[in-house]
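The values are calculated or read from the model by the stated rules, or taken from the named source; none is laboratory data. This structure is a prediction, so every number in the text was calculated from the model and none was measured. Cβ coordinates were reconstructed from backbone atoms using ideal geometry, including for glycine residues, and neighbour counts include every protein chain displayed. For the accessible areas, the whole protein counts, side chains as well, though only heavy atoms, and no ligand, DNA or RNA atoms are used. Shrake-Rupley method; radii C 1.70, N 1.55, O 1.52, S 1.80 Å.
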Amino acid sequence: MKKTLIAAAVLAGMAGTAQAQSSVTLYGVMDMGYLYSKTDGLKARSALDSGLQSDSRFGLRGTEDLGNGLKANFLLEAGINADDGTTSQSGLFNRQSWVGLSSNNFGELRLGRQFILGSQFFTNIDPFGTTFRQAGMGSTFIAANQVRNSNSVMYFTPVWSGVQAGIGYSFNRSSTETPVSGTNNRAITSGVRYANGPIEVALTYDQVEPATGGNVGRATQLGGTYDFGVVKLHAAVADQRNVAVNVGDVPGWNGRYAKKTLSYMVGASAPVGTGSLFASYQKAKDWDIKGFSVGYTYPLSRRTNAYAFYSDIDNVGNYGQAAARDVGTRQLGVGLRHSF
């Protein structure tokens, strides 16, 4: 059960008193499962891995009512490897760490390390929620691959009749800013989404200027879903220029592999029994990455679920380097996910 600590402060003044309420919530996800992975030409890997459906993590989120509809908010989120207890990346709160202000009338401002809008706005567009290892659309949609920018300022508008827009700027997305020329990877993220009734649509544009002065990386994504009740349809397309993926969990943009690629994804999700069945086909045309994935989640309680998925994708992770070899990678995973 969520642990929520609520404190109330009463400030006295010459004209009377004002009351401010604040809360801090501890939350997290523990996800462990068995993953079998086989790439053509390589030995198979069998392992007990952390974070197959969702990255394991814990965090603190808090808010303080400043009065007149204004609130101060913060989020600290650390990624962990549940299989050995280590952190998933360098630093403690490596997933997110930001502080900001929000208002129902004026929107929200956040300062710190945050997900870019290409990842935030496409979580519901992907039947796999941009997770489930290579099955997520991040295999071909780079900006949707759980990307985060450090040293960023982001603004979100209020939601008007289901419409919300956002824009952000990072002074150096990957490390501490310096005054030295050619050392800051500056980035822009922007997007708009509509979610109302059975329809959800998102359009995002993300850009990174390499510190070395190379080609500017750009990713434009458009996607949407329509929920018929018995089945929900998913589709997305992306134009990506001078982008690539580095080794590890944090994608980079440097144009090493392809100057341009068009990516496509179509999928569906549907309630089956008390669980949910979902599938997708994705393709990055110029990288020659293509394949399908299918998954199922079964709720054991409100906060715990079991899951299974299978994915078969050609050239995933190679981004043009091994296209001529037509190397396929198959993943089979089963696991347990608990949130608190």
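Among the residues that make up region 191-198, is at least one of them modelled with pLDDT of 95 or more, hydrophobic (A, V, I, L, M, F, W, C) and closer than 30 Å to TYR307 by Cβ? Spell out how you get there, then give the answer.
Here is the first cut: in region 191-198, the residues modelled with pLDDT of 95 or more are 191-198.
Cutting the leftovers down to hydrophobic (A, V, I, L, M, F, W, C) gives us 192, 195.
Filter once more, so that each one left must be closer than 30 Å to TYR307 by Cβ: 195.
Yes.
Restricting the search to region 95-107, which residues are in contact with a Leu (Cβ under 7 Å, 6 or more places away or on another chain), open to solvent by less than 40 Å² (accessible area, probe 1.4 Å) and either free of Cβ contacts under 8 Å to residues at least 12 places away in the same chain or not small (Gly, Ala, Ser) (or both)?
GLN96, TRP98
For GLY129, state whether it is within 27 Å of ASP227 (Cβ to Cβ), open to solvent by less than 10 Å² (accessible area, probe 1.4 Å) and at pLDDT 95 or above.
Numbers: within 27 Å of ASP227 (Cβ to Cβ): yes; open to solvent by less than 10 Å² (accessible area, probe 1.4 Å): no; at pLDDT 95 or above: yes.
Spelling it out, it is not the case that GLY129 is within 27 Å of ASP227 (Cβ to Cβ), open to solvent by less than 10 Å² (accessible area, probe 1.4 Å) and at pLDDT 95 or above.
Yes or no: VAL159 more than 23 Å from VAL208 (Cβ to Cβ) and touching a Lys or Arg at 6+ places or on another chain (Cβ under 9 Å)?
No, not satisfied.
Which pairs do you get when a residue that is among the acidic types (Asp, Glu), found in region 294-312, comes within reach of a residue that is open to solvent by less than 60 Å² (accessible area, probe 1.4 Å), reach meaning Cβ atoms under 7 angstrom, with the pair 6+ apart or on two chains?
Pairs found: ASP312/GLY291; ASP312/GLY328.
Could you tell me which residue of region 204-226 is surrounded by the fewest Cβ atoms within 10 Å (Cβ to Cβ), considering only residues that are among the hydrophobic types (A, V, I, L, M, F, W, C), free of Cβ contacts under 8 Å to residues at least 60 places away in the same chain and in a strand (DSSP E or B)?
So in region 204-226, the residues among the hydrophobic types (A, V, I, L, M, F, W, C) come out as 208, 211, 216, 219, 222.
Filter once more, so that each one left must be free of Cβ contacts under 8 Å to residues at least 60 places away in the same chain: 208, 211, 216, 222.
Next, only the ones that are in a strand (DSSP E or B) stay: 208, 222.
Values: VAL208: 29, LEU222: 16.
The extreme case among them is LEU222.
For region 144-160, check the following and say yes or no: at least one residue is part of a loop (DSSP other than H, G, I, E, B), closer than 20 Å to SER97 by Cβ, free of Cβ contacts under 8 Å to residues at least 40 places away in the same chain and open to solvent by 60 Å² or more (accessible area, probe 1.4 Å).
There is no residue in region 144-160 that is part of a loop (DSSP other than H, G, I, E, B), closer than 20 Å to SER97 by Cβ, free of Cβ contacts under 8 Å to residues at least 40 places away in the same chain and open to solvent by 60 Å² or more (accessible area, probe 1.4 Å).
Please count how many residues of region 120-133 are on the phi < 0 side of the Ramachandran plot and touching an Asp or Glu at 6+ places or on another chain (Cβ under 9 Å). Give the steps one after another, and end with the answer.
Initial filter on region 120-133 (on the phi < 0 side of the Ramachandran plot): 120-128, 131.
Narrowing the set further to residues that are touching an Asp or Glu at 6+ places or on another chain (Cβ under 9 Å) leaves 124-125, 131.
Of the residues in that region, 3 qualify.
Determine whether ILE142 is aliphatic (A, V, I, L, M) and touching a His at 6+ places or on another chain (Cβ under 8 Å).
Numbers: aliphatic (A, V, I, L, M): yes; touching a His at 6+ places or on another chain (Cβ under 8 Å): no.
So ILE142 does not fit the description; no.
Would you mention how many residues in region 227-244 are within 30 Å of GLY182 (Cα to Cα) and crowded, with 17+ Cβ neighbours inside 10 Å?
Quick first cut of region 227-244, residues within 30 Å of GLY182 (Cα to Cα) only: 238-244.
Add one more test, that the residue is crowded, with 17+ Cβ neighbours inside 10 Å, and what stays is 238, 240-244.
Qualifying residue count for the region: 6.
Can TYR296 be described as assigned to a strand (DSSP E or B), in contact with a Phe, Trp or Tyr (Cβ under 9 Å, 6 or more places away or on another chain) and either open to solvent by less than 40 Å² (accessible area, probe 1.4 Å) or at pLDDT below 95 (or both)? So that I can check it myself, show each step before the final result.
Details: assigned to a strand (DSSP E or B): yes; in contact with a Phe, Trp or Tyr (Cβ under 9 Å, 6 or more places away or on another chain): yes; either open to solvent by less than 40 Å² (accessible area, probe 1.4 Å) or at pLDDT below 95 (or both): no.
So TYR296 does not fit the description; no.
Identify all residues within region 267-290 that are of a type in the set (Val, Ile, Thr), assigned to a strand (DSSP E or B) and surrounded by fewer than 16 Cβ atoms within 10 Å (Cβ to Cβ); write none if there are none.
Just the residues of region 267-290 that are of a type in the set (Val, Ile, Thr), to begin with: 272, 274, 289.
This time we only want the ones that are assigned to a strand (DSSP E or B), so: 272, 289.
Once the filter is applied, which keeps residues that are of a type in the set (Val, Ile, Thr), assigned to a strand (DSSP E or B) and surrounded by fewer than 16 Cβ atoms within 10 Å (Cβ to Cβ), region 267-290 yields only VAL272.
Restricting the search to region 180-189, which residues are open to solvent by 30 Å² or more (accessible area, probe 1.4 Å) and either in a loop (DSSP other than H, G, I, E, B) or modelled with pLDDT of 95 or more (or both)? Walk me through how you get there before you give the answer.
Here is the first cut: in region 180-189, the ones open to solvent by 30 Å² or more (accessible area, probe 1.4 Å) are 180-183, 185-186, 188.
Matches in region 180-189: VAL180, SER181, GLY182, THR183, ASN185, ILE188.
Counting only residues that are open to solvent by 50 Å² or more (accessible area, probe 1.4 Å), in contact (Cβ under 8 Å) with a residue 12 or more places away in the chain and over 19 Å from the mean Cα position of the chain (by Cα), how many does region 161-179 have? Spell out how you get there, then give the answer.
First pass over region 161-179, keeping only residues open to solvent by 50 Å² or more (accessible area, probe 1.4 Å): 161, 163, 167, 169, 171, 174-179.
Okay, now just the ones that are also in contact (Cβ under 8 Å) with a residue 12 or more places away in the chain, so 161, 163, 167, 169, 171, 174-177.
From what's left, over 19 Å from the mean Cα position of the chain (by Cα): 161, 163, 171, 175-177.
Of the residues in that region, 6 qualify.
Here is a list: ARG337, ARG330, ARG325, ARG303. Which entry is modelled with pLDDT under 85 and basic (Lys, Arg)? First the steps, then the outcome.
Numbers: ARG337 fails: modelled with pLDDT under 85; ARG330 fails: modelled with pLDDT under 85; ARG303 fails: modelled with pLDDT under 85.
Result: ARG325 is the single residue among ARG337, ARG330, ARG325, ARG303 that is modelled with pLDDT under 85 and basic (Lys, Arg).
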